[in-house]
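The values are calculated or read from the model by the stated rules, or taken from the named source; none is laboratory data. Note that the coordinates shown come from a computational prediction; the quantities given were computed from them, not determined experimentally. Here the Cβ is made from the backbone with ideal geometry for all residues, glycine too, and neighbour counts use every protein chain on show.
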Amino acid sequence: MRRVAVVGAGMTPFREHFGLGIKDLVPMAVSEMAAHVDKGLDRSDIEAAWFGELSTTDGFPSGILADTCGLLDIPVTRVENACATGNDAVRNATYAVGSGAVDVALVVGADKVRESSTRTTFWEWAGMTRDSAWDYPLGLIAPANFALHVARYLHESPATREHMAMVAVKNHRHALPNPKAQLRFEITIEQVLAAPTVVEPFGLLDCTPQSDGAAALLLVAEDVVDRYTDRPVWVRGVGLGLDRVMHQHKRDMTSFPPTVKAARAAYAMAGIGPSDIDVAEVHDCFSGVEMISYEDLGFAERFGAHKLLEAGETSIGGRLPVNPSGGLKAKGHPPGATGVAQCVELFEQLRGEAANQVDNARMGLAHNVGGPTAVSAVTVLGIGKD
Amino acid sequence: MSRLTAIGTVLPGWSDGKRRVVGLDEDAVTLGVAAARVVLEKAGTVPVDRVVFVSHDLPLLEGGNAAPLLAGIGLDESVVVVEQVGGAPAVLDAVAGALPGTLVIAADLLPAGAGAVLVGETGPELSVEGRVVRSMPTQSRAADGIVREYDDPRLLWEQGVRRSIEQLELTERPTVVAGLAAKQARQVCSGTPPELPVIGGAAAVFALAAIADPGGALVLAVEQANITAARVDGVPTVASVAPEVRPLPRTRTTPGPDIAISLAAYDRAFEPKLRWEAGSCDACGTLALPPRLRCLECGSEEGWSLVPLPRTGEVYTGVTVHVPVPGLPTPYSLVIVQLDDVDVRALVKVTGVEAGAMQIGDRGTLVFRRISTRTGIPDYGYAFLPEADVEAAQHREEASA
């Protein structure tokens, strides 16, 4: 496979964009990406696009991308893989460029969660990912879906709700300097623990906000990379993992096997291990999920995630800063855009241009898990080609 | 004449401050199923080929409630079900006219309770002594479902109940009356009649269950000015479930869209979901809930057969949803239950206790409940009843003939 580089990245702010539709957000993200290609981008260079969008709010997704971005003469494929959608779009484009089918590929992710009323969203989104007869009527809303895992995790591991709160506090602090983040305010452990309960053991401040936004990346083949930049970031590894869909068929709910599989694939492709990662954007839709993911990604030993938090190792300045952007928790989570935006953050981190810069970051990892905890995608980006 | 082989009664554990009421996941069908299961467990293996279901609160008026009723009880789908709107006299009439092998079920919602009478070849005899049918609709409920009161209790008492009793020309006073308030029942009966927890159709079953005199009893069943009198010549075999009563937890209901239903998916899931059965792989015997084309273990796609699942288990993990969600009262608890003796887990709601009153490792039983109502369609299945509550429920007053 040919080496694949990221040469451009851009995103809209994540927030409640009541005034902007998906038809506005998608071209805004693409234009920002194009404006940040060091040597400029002629759109006619783009040969194909992959569009990660979980739920469509204004109609046919692929057509919307082509139409609103002036890309009517290239193939556009929509990718939908639950919360792993964004990183899976990156994976598909990587394969297309790597295979030699195209030299220049566009990856876009977008969603508009706040196009529905806050309450309607529960059923619209649950309807896409739940068994219609067995799970859906139980009221298995998204937080409950993850809380079933975290409740068991808290039961088996030494971790406590205070450790979960430390995740939320850290990611809010990380979001402060990030102009694209939705929740730019600091919170305290006491506030997290005292917040109204959403689904035990998650309080309101353990949860991601509902977000709108879009993000875009430009992926090019090694052969043409010099046309766009002298400072590319390389796609070192991609991976996707799946698991049984229904919770009762998951043997050990203290782990997300899809993450383990996706990470294994991405590390193997990159020829590295977890200790080689300098910065990570980890799926933290709910605080406890980031902790379980430390272990699934190999950042911590089993049931050892709380130690990383206690030692501050995953904060900026620590050994392995996680979610310097603020993560889903504070940057926001428009699902189709989330994974793509994680790679936007890593692109900036690895080039030393991030709003909340991690020192000497050379290798970064992006991770999503979802659908209901049955799919994960992992992308590894690096400064070095090999 | 018919024989009362066994009687089962069930009361829900909730109160609205004055009376027993159903929980949010119960209705006439779930109460009826509970009563039927109690009586069939008591009676052992007695064949049932006909069910009469009497209530003022039949959930579905079109299409009927027979399928969930039979599935919940565990009876074959070929069993005849007669659904009837009626009160205590209708229930006593149904019992009196039943052939052996008939299960008469009655369920009331306010106050709430249900009873079931298994008519068979054994047990005390019941025969009708008299019947009066007169119209005195002081409370009316027409097809619009709205209850209207004609506020004149003395008219009902003097011109309705008492005149109908006179017309019966009974030779003795009854020992128990179904369908009247306790104060009125005392005026009608000889001695002090047992106080019954309900006053609708189920009251007739509770009246039969209250017979304690080995010499038998004269039972009156009253609804407005309609009365049936029946004599029972012994003490029936009774099993009762009467949990301690607790205030119905306060919940919050949020306006918004209901959860949609796919009737195709509902139909595919119906048998295993309402009968609590798993698919057993025809090739290797691995159980799958829900049943699935491809075996979880061996990958066979050759087929599966439904087999009953254990109804006891232990909480593997659980959560309580507090955030308001449209169409569902909050808070509510969800658990994944590891079933006893099989390699099967189930994701179900918790019932019978306040939300959050369960934790990992708790034991309990799976009971038939209305999981949700989707676009007006009751959606039945199973919920987890934690054991602390099961123990309370098993304060069973048992008497045998």
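Miscellaneous remarks
A quick yes/no check of all residues on (1) under 15 Å from the mean Cα position of the chain (by Cα); (2) more than 19 Å from B:Phe368 (Cα to Cα); (3) in contact (Cβ under 8 Å) with a residue 24 or more places away in the chain:
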site: B:Gly44; (1), (2), (3): no, yes, no
site: B:Asp76; (1), (2), (3): no, no, no
site: B:Gln84; (1), (2), (3): yes, yes, yes
site: B:Gly101; (1), (2), (3): no, yes, yes
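- Residues considered: A:Thr254, A:Thr208. Of these, the only one that is within 14 Å of another protein chain (Cβ to nearest Cβ), in contact with a helix residue (DSSP H, G or I) (Cβ under 8 Å, 6 or more places away or on another chain), surrounded by 23 or more Cβ atoms within 10 Å (Cβ to Cβ) and among the polar types (S, T, N, Q) is A:Thr208.
- A count restricted to the range B:348-359 and to residues that are crowded, with 23+ Cβ neighbours inside 10 Å and within 8 Å of another protein chain (Cβ to nearest Cβ) stands at 2.
- Within the range A:196-210, residues that are outside any strand (DSSP E or B) reach partners that are surrounded by fewer than 22 Cβ atoms within 10 Å (Cβ to Cβ) and among the basic types (Lys, Arg) with beta carbons closer than 9 Å, at six or more positions or on different chains, in the pairs A:Pro201/A:Arg161; A:Asp206/A:Arg161; A:Pro209/A:Arg15; A:Gln210/A:Arg114.
- Residue, nearest to the chain's Cα centre (by Cα), within the range B:333-344, restricted to residues that are at the interface with chain A (Cβ under 8 Å from one of its Cβ atoms) and either at pLDDT below 95 or closer than 13 Å to A:Leu148 by Cα (or both): B:Leu334
- A single entry from A:Gln248, A:Gln357 fulfils the requirement of being crowded, with 17+ Cβ neighbours inside 10 Å, within 14 Å of chain B (Cβ to nearest Cβ) and free of Cβ contacts under 8 Å to residues at least 60 places away in the same chain: A:Gln248.
- Subset of the range A:148-173 (residues that are within 14 Å of chain B (Cβ to nearest Cβ) and either basic (Lys, Arg) or under 16 Å from A:Arg251 (Cα atoms) (or both)): A:Leu148, A:His149, A:Val150, A:Ala151, A:Arg152, A:Tyr153, A:His155, A:Glu156, A:Arg161
- Condition met for B:Ile261 (at pLDDT below 95 and closer than 30 Å to B:Ser372 by Cα): yes
- Test: B:Leu126 is among the aliphatic types (A, V, I, L, M) and either under 18 Å from B:Ala90 (Cα atoms) or surrounded by fewer than 18 Cβ atoms within 10 Å (Cβ to Cβ) (or both): yes
- Matching residues in the range A:185-204 - criterion: being buried (at least 17 other Cβ atoms within 10 Å of the Cβ) and more than 13 Å from chain B (Cβ to nearest Cβ): A:Ile187, A:Val192
- Candidates B:Leu24, B:Leu110, B:Leu31: the one that is touching a Ser or Thr at 6+ places or on another chain (Cβ under 7 Å) and hydrophobic (A, V, I, L, M, F, W, C) is B:Leu24.
- Restricted to the range A:110-140, and to residues there that are within 22 Å of B:Pro272 (Cβ to Cβ) and charged (D, E, K, R), the residue that is farthest from the other protein chains (Cβ to nearest Cβ) is A:Arg130.
- One residue stands out among those in the range A:78-137 that are of a type in the set (Ser, Thr, Tyr) and in contact with a helix residue (DSSP H, G or I) (Cβ under 7 Å, 6 or more places away or on another chain): the one that is nearest to A:Gly371 (Cα to Cα), which is A:Thr85.
- Any hit, the range B:360-367, residues being buried (at least 21 other Cβ atoms within 10 Å of the Cβ) and at the interface with chain A (Cβ under 10 Å from one of its Cβ atoms): no
- For the range A:58-78, the criterion of a residue being under 27 Å from A:Ala266 (Cα atoms), of a type outside the set (Phe, Trp, Tyr) and at pLDDT below 95 is satisfied by no position.
- Residue match in the range B:242-261 (condition: under 21 Å from B:Gly72 (Cβ atoms) and within 14 Å of another protein chain (Cβ to nearest Cβ)): yes
- Listing of helices (runs of 4 or more DSSP H) fully contained in the range A:279-355 that carry 2 or more residues being out of contact with any helix residue (DSSP H, G or I) (no Cβ under 8 Å at 6 or more places or on another chain) and at negative phi: A:335-350
- Note on the range B:132-157: residues that are in contact with a strand residue (DSSP E or B) (Cβ under 6 Å, 6 or more places away or on another chain) and free of Cβ contacts under 8 Å to residues at least 40 places away in the same chain total 4.
- Test: residue in the range A:229-238 that is β-branched (Val, Ile, Thr), over 17 Å from the mean Cα position of the chain (by Cα) and in a helix (DSSP H, G or I): no
- Among (1) under 19 Å from A:His333 (Cβ atoms); (2) surrounded by fewer than 23 Cβ atoms within 10 Å (Cβ to Cβ), the one test that A:Asp135 misses: (1)
- Search result, residues across the range B:213-238 that are assigned to a loop (DSSP other than H, G, I, E, B) and among the hydrophobic types (A, V, I, L, M, F, W, C): B:Ala225, B:Val235
- Any chance B:Ala260 is closer than 24 Å to B:Ala36 by Cβ and not in a helix (DSSP H, G or I): no
- Condition check for B:Asp267 on (1) within 12 Å of chain A (Cβ to nearest Cβ); (2) surrounded by 14 or more Cβ atoms within 10 Å (Cβ to Cβ): one failure, at (2).
- Matching option when the condition is in the same structural domain as B:Leu61 (by TED's automatic domain parsing) and surrounded by fewer than 13 Cβ atoms within 10 Å (Cβ to Cβ), among B:Thr138, B:Thr171, B:Thr175: B:Thr171
- Considering residues of the range B:191-212 that are within 17 Å of B:Ala6 (Cβ to Cβ) and part of a loop (DSSP other than H, G, I, E, B) only, the residue nearest to the chain's Cα centre (by Cα): B:Ala210
- Taken over the range B:277-293, the criterion of being loosely packed, with under 12 Cβ neighbours inside 10 Å and of a type in the set (Lys, Arg) is satisfied by no residue.
- The residue that is nearest to B:Gly361 (Cα to Cα), counting only those in the range B:283-330 that are among the basic types (Lys, Arg) and within 13 Å of another protein chain (Cβ to nearest Cβ), is B:Arg292.
- Contact map, the range A:128-151: first residue in contact (Cβ under 8 Å) with a residue 12 or more places away in the chain, second residue surrounded by fewer than 23 Cβ atoms within 10 Å (Cβ to Cβ) and of a type in the set (Asp, Glu), Cβ cut-off under 6 Å, separation 6 or more or different chains; the map is empty.
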